[in-house]
1. Considering only the range 92-120, state which residues are within 10 Å of VAL227 (Cβ to Cβ) and touching a residue at least 60 places away in the same chain (Cβ under 8 Å).
2. Being of a type in the set (A, V, I, L, M) and in contact with a Leu (Cβ under 7 Å, 6 or more places away or on another chain) is the filter; apply it to the range 28-48 and report the residue that is surrounded by the most Cβ atoms within 10 Å (Cβ to Cβ).
3. Is it fair to say GLY347 is in contact with an Asp or Glu (Cβ under 9 Å, 6 or more places away or on another chain) and either crowded, with 21+ Cβ neighbours inside 10 Å or without any contact (Cβ under 8 Å) to a residue 60 or more places away in the chain (or both)?
4. Within the range 184-231, track down each residue that is aliphatic (A, V, I, L, M), over 28 Å from the mean Cα position of the chain (by Cα) and closer than 25 Å to LEU88 by Cβ.
5. Looking only at the range 76-88, how many residues end up being at pLDDT 85 or above and either touching a helix residue (DSSP H, G or I) at 6+ places or on another chain (Cβ under 6 Å) or exposed (fewer than 13 other Cβ atoms within 10 Å of the Cβ) (or both)?
6. From the set of residues in the range 118-133 that are more than 13 Å from GLY162 (Cα to Cα) and under 29 Å from the mean Cα position of the chain (by Cα), which is surrounded by the most Cβ atoms within 10 Å (Cβ to Cβ)?
7. I'm told LEU169 meets every condition in (1) out of contact with any Phe, Trp or Tyr (no Cβ under 7 Å at 6 or more places or on another chain); (2) crowded, with 20+ Cβ neighbours inside 10 Å; (3) assigned to a helix (DSSP H, G or I) except one. Can you identify the failing condition by its number?
Amino acid sequence: MSQVIESIRLALSSIWANKLRSLLTLLGNIVAVSSIITVVALITGVNSAVSDAIVSDLGADSFVIQRTGMTQNEDDFERQRNNPIVTLDDADAIRRFGTSIGSVMAQAQRRTTVAYRNLELDSIQVQGVTEGYLDFTSFDAERGRMISPVEIRRKRHVALIGWEVADKLFGTVDPVEKQIRVAGVSYRVVGVSAKKGAAFGNSLDGFVVVPLGAYQKLFGSRQSLEVMVRPRDPTLVQEAKDESRVALRVERRLRPSEPDNFGLMASDSVLGIFQQATAGIAVVLVGIVGLSLLVGGIVIMNIMLMVVSERTREIGLRKALGAKRRDIMSQVLTESITLSLTGGVAGVSLGTLFATGIGTLTPVPASVETWSVVLGVAITALVGLFFGWYPARRAAMLDPIEALRRE
């Protein structure tokens, strides 16, 4: 044990005595480990934020029917561009047909101006909804109340506004029962949604919810709708998807040989596509890390060969005094691993600093993962072991008599 501690001490002393040489030696390891920490933190943070946003919008057990589905190439886009718009008839067909379906909501949205007295906000998302919106968790009322089913059926000019809209238009004044103008038309505020925060720098609180009938009177009824569907039980998601697909195919009179002329998207499918994209970033990371570690390992091996050459007489003296080959190998390998681990620790510190800075100074979320830190340090230890093996073996094979003759 004392020999290992002494070898570590010698390696650290060498690093401290030759700071610039050590920095250049460890640069490959530092780049590799900091890349691992930073990129894993960004991918994890972004995946978590996107997952939270999708689940918050769609719901963990809900899915959406819309005019087009996810397109991954030009052929998909061309095939779907002429799909008919989604209407209330489609929503009614799903509601009638689905035995496993608990709630169905049709909605439409666009951005327009929202004003109160002489204050006006541009590009606010206005969302028209049907009665079923009460069953979806993306809607709530922190102050006032939700829009009632009766108000939705009668197409009343009432609105549920987001926290940011309330804050910017009313400040400290209670918005409930006040009149706002949506695209120039008067609406009575009945509730204010709780603050949701932001995602990727974009506010989630800049919206106004109104009855779909009132929305269509304002913007027209030719806009395609989105139909959100929620099963009676979370275990019936697949059955609800199948029933919705059959209901729409029957409603649209599609032949068995014809493809769907609508899109069906669930949170898991959207997340799957997004995670495929982030997997590509991970592949690039592997390339960067592999190249950096290869360069770093070669440099460490060259430095250890130089160290062995500089300490030839010392090694010869130790062998003459009874040191065995495994003792010499252990000493050189310990120094090589210590040198490499020093670069790994520096890379962990630098990567954590980068990830924290990005998460603090930009809207991109970042979350440093413990397993990535452990992986980075473990990889550098293996690099030190692998690339230190040849110099250690060369030192162990030195003939003590020839080594003592070396000037």
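The values are calculated or read from the model by the stated rules, or taken from the named source; none is laboratory data. Note that the structure is predicted; figures quoted are calculated from it, not measured. Positions of Cβ are backbone-derived with ideal geometry, glycine not excepted, and every protein chain shown enters the neighbour counts.
1. Within the range 92-120, ALA93, ILE94, VAL104, MET105, ALA106, GLN107 qualify.
2. So in the range 28-48, the residues of a type in the set (A, V, I, L, M) come out as 30-33, 36-37, 39-43, 46.
Restricting the remaining residues to those that are in contact with a Leu (Cβ under 7 Å, 6 or more places away or on another chain) gives 30, 32, 36, 39.
Details: ILE30: 24, ALA32: 29, ILE36: 26, VAL39: 22.
Ranking the candidates gives ALA32 first.
3. Values: in contact with an Asp or Glu (Cβ under 9 Å, 6 or more places away or on another chain): no; either crowded, with 21+ Cβ neighbours inside 10 Å or without any contact (Cβ under 8 Å) to a residue 60 or more places away in the chain (or both): yes.
Judged against the criteria, GLY347 is not a match.
4. Result: VAL185, VAL190, VAL209, VAL210, LEU212, ALA214, LEU218, LEU225.
5. Of the residues in the range 76-88, the ones at pLDDT 85 or above are 83-88.
Of the ones still in play, those that are also either touching a helix residue (DSSP H, G or I) at 6+ places or on another chain (Cβ under 6 Å) or exposed (fewer than 13 other Cβ atoms within 10 Å of the Cβ) (or both) are 84.
Total satisfying the criteria: 1.
6. Applying the first criterion (more than 13 Å from GLY162 (Cα to Cα)) to the range 118-133 yields 118-120, 122-123, 128-133.
Checking which are under 29 Å from the mean Cα position of the chain (by Cα) leaves us with 123, 133.
Numbers: SER123: 9, TYR133: 24.
Step by step, filter the range 118-133, then rank; the result is TYR133.
7. (1)
For every residue, the table says whether it meets (1) farther than 13 Å from SER100 by Cα; (2) in contact with a strand residue (DSSP E or B) (Cβ under 6 Å, 6 or more places away or on another chain); (3) surrounded by 16 or more Cβ atoms within 10 Å (Cβ to Cβ).
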| site | (1), (2), (3) |
| --- | --- |
| ARG222 | yes, no, no |
| VAL227 | yes, yes, yes |
| ARG230 | no, yes, yes |
| SER244 | no, yes, yes |
| ARG249 | yes, no, yes |
| ARG255 | yes, no, no |
